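To start, the structure itself, in structure tokens.
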Amino acid sequence: MLAQPLPLDGGGALAGVEIAYETYGTLAADRSNVVLVCHALTGDQYVASAHPVTGKSGWWDRMVGPGKPIDTARFHVICPNVIGSCMGSTGPASDGADGAPHAMRFPVITIRDMVRAHVALLDALGIDRLHAVVGGSMGGMQALSLAANWPERAARVLAIATTARHSAQNIAFHEVGRQAIMADPNWAGGNYYGGAAPDAGLAVARMAAHITYLSEDGLTDKFGRSLQDRDAKSFGFDADFQVESYLRYQGSGFTKRFDANSYLYITRAMDYFDLAEEHGGRLAEAFAGATARFCVVSFDSDWLYPTSESRHLVHALNAAGAPVSFVELSAPFGHDSFLLDVPALDRVVAGFLG
Amino acid sequence: MSLRPDLAVIARQIAPDTRVLDVGCGDGALLTTLRDTKGVDARGMEIDAALVAECVARGLSVVQGDAERDLADYPDAGFDYAVLGQTLQTAMRPDLLLDELLRVGRTAFVSFPNFAHWRTRAALMFGGRMPVTRALPVSWFETGNIHHVTIADFEALADTMSITIRRRWFFADAKGLGGLHSVLGANWRAEFALFELSRGP
């Protein structure tokens, strides 16, 4: 629980903010070995430990751990749940001052608000300067926001498969998801806590988003036009195709671990993200006071946050005179590549953290 | 770490505590040397992702990119030196690349294999085939060297483009050729050449 109310970009402040976080590895006596890992839209603090609801291993288990690229034998890794989420940090499902869930009374937050909460957490833990801040996708946005707004707080910034601004296409996909949730009668204006949740709407939101996390080639390789548990088309609307069955499974699985209102709030925060707009319209200005080394990584099959967005970011960092490395890695998995088996990413991450 | 002869000369010539951009920096050998021995703010550009990853692992700041497209992203005179080692002959438009080098760097170092070396001339004259030599070991159909250039050609281009040649170094048998002051002689004897360039006098 933060001692002070958290000021918000939208005006006002949020009192009684709780931040749930996990740590891995031992904190050095001089507190110089801290790596902050920021999670993505539907991620959580369980970066390298089992998820309490699904029991699945940590979402970046392959990257974080003893002897792994983010080596917890050397680094003290902190992974906080973002505010607005639903895994322990304050969000729309948390109780407000009146004891009832905030629901849609929860203020609209931004990526910078999430990072302001992270900084408040670091303050509470007595950590002045991070060895590195690392994130993929929305986690990368947080890493960039930290570098732009609290430039003295991190020595290294590793931004993977991310962007400095949400594009019209990014916003459009998110809006489809939000409308699916709000069209579910169970959503009930957001006041579904204690009753039936808008699982159908949330599942559709997840299905649409999931497509954007994969590549066309990846889908074709994995499913093609293969049929699901049948030899012929049913001439009905069952999940005839394997890809349909897969998406339905992804959607329904997601509803077991995620809150629909959190999905609305966090996608909104991502849509509002535009680092240049925060800094007078010029992205280079956002990094004018940067003291960190930067490493930007994109994937050639990622069409959600394509390499062109990373290049735009690298251009701005160069213009600001910041030390920056950039690499576009080849991987077949689309945007999700940052979470999957891409050995070249492991080498870059380990090398950059030093 | 032992540097390629042209890079070793460049490393000696570059002043301490300056800003250097190595275009086509490979595994970052020159940049590492400059950073570690001269306190240089060393940056690189490299087209090969695996080599960029090696550079990042060395703690270098290297951007994956194609010099002929992505140098345009760099501001004017952002660097004291721009280095182009053994890459000029692979460019689509070497002249435009030289322009860009001298825009982003106040001084440029450019090295390339000399196509007029006697071994190359002999191979072409007596063999009648595109030369495959120690300095140019790849067959014509798979070489990345799409614009073969001689020392005399380069000097003529520099003159046309009003580029000042401040110094020149010539190499054969992986060693410097001392006492070679005539370009004509160098054009026969040098396997590689290195030039220090600037705009204006």
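Bear in mind these aren't lab numbers, they're just calculated from the coordinates by the rules spelled out. Keep in mind that this is a model prediction, so the values were computed, not measured. So basically every Cβ, Gly included, is an ideal-geometry build from the backbone, and we count neighbours across all protein chains shown.
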Compute the FRET efficiency between A:A28 and A:D229 as 1/(1 + (r/R0)^6), taking r as their Cβ-Cβ distance and R0 = 45 Å, and round to the nearest 0.05. 0.25
Neighbouring Cβ atoms within 10 Å as the yardstick, rank A:K68, A:K256 fewest first. A:K256, A:K68
With only Lys, Arg, Asp and Glu charged, each at its Cβ (+1 for the first two, -1 for the last two), find how big the charge dipole of the protein assembly as shown is about the Cα centre; round to the nearest 20 debye. 1360 debye
Can you give the relative contact order of chain B as a percent, counting alpha carbon pairs under 8 Å and 6+ residues apart? 19 percent
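Select from region B:92-201 those trypsin sites (Lys or Arg not before Pro) which occupy a DSSP coil region and have at most 13 other Cβ atoms within 10 Å, ordered by residue number.
Qualifying residues, ordered by number: B:R129, B:R134.
Could you calculate the FRET efficiency of A:Q179 with B:D36 from 1/(1 + (r/R0)^6), where r is the beta carbon distance between them and R0 is 56 Å, rounded to 0.05? Could you put the intermediate results ahead of the total?
Details: r = 56 Å, r/R0 = 1.00.
About 0.50, to the nearest 0.05.
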Partner lysines for A:K222 [C-alpha distance under 27 Å; skip if fewer than 8 residues away on the same chain]: A:K56, A:K233, A:K256
Rounded to 5, the percent of DSSP beta bridges in the protein assembly as shown classed as antiparallel: 35 percent
For the protein assembly as shown, fraction of C-alpha pairs farther apart than 43 Å, in %: 31 percent
Rounded to the nearest 500, what is chain B's calculated 222 nm mean residue ellipticity when only DSSP H runs of at least 4 contribute -39500 (n - 2.57) each, over all residues? -8500 deg cm²/dmol
Which whole-number percent gives the relative contact order of region A:170-266, counting Cα pairs below 8 Å spaced six or more residues apart? 30 percent
If neighbour count is taken as other Cβ atoms inside 10 Å, put A:F235, A:F326, A:F254 in order from fewest to most. A:F235, A:F254, A:F326
Whole-Å distance, taken between Cα centres, linking region B:38-109 and region B:3-27: 11 Å
Farthest positive-ward along region A:170-266 dipole, Cα basis, beta-carbon charges - from A:G194, A:Q242, A:A183: A:G194
What is the Cα radius of gyration of region A:170-266 over 2.2 N^0.38 Å, N being its residue count? 1.19
Please find the FRET efficiency linking B:D48 to A:R129, where r is the Cβ-Cβ separation and R0 is fixed at 22 Å, and quote it to the nearest 0.05. 0.05
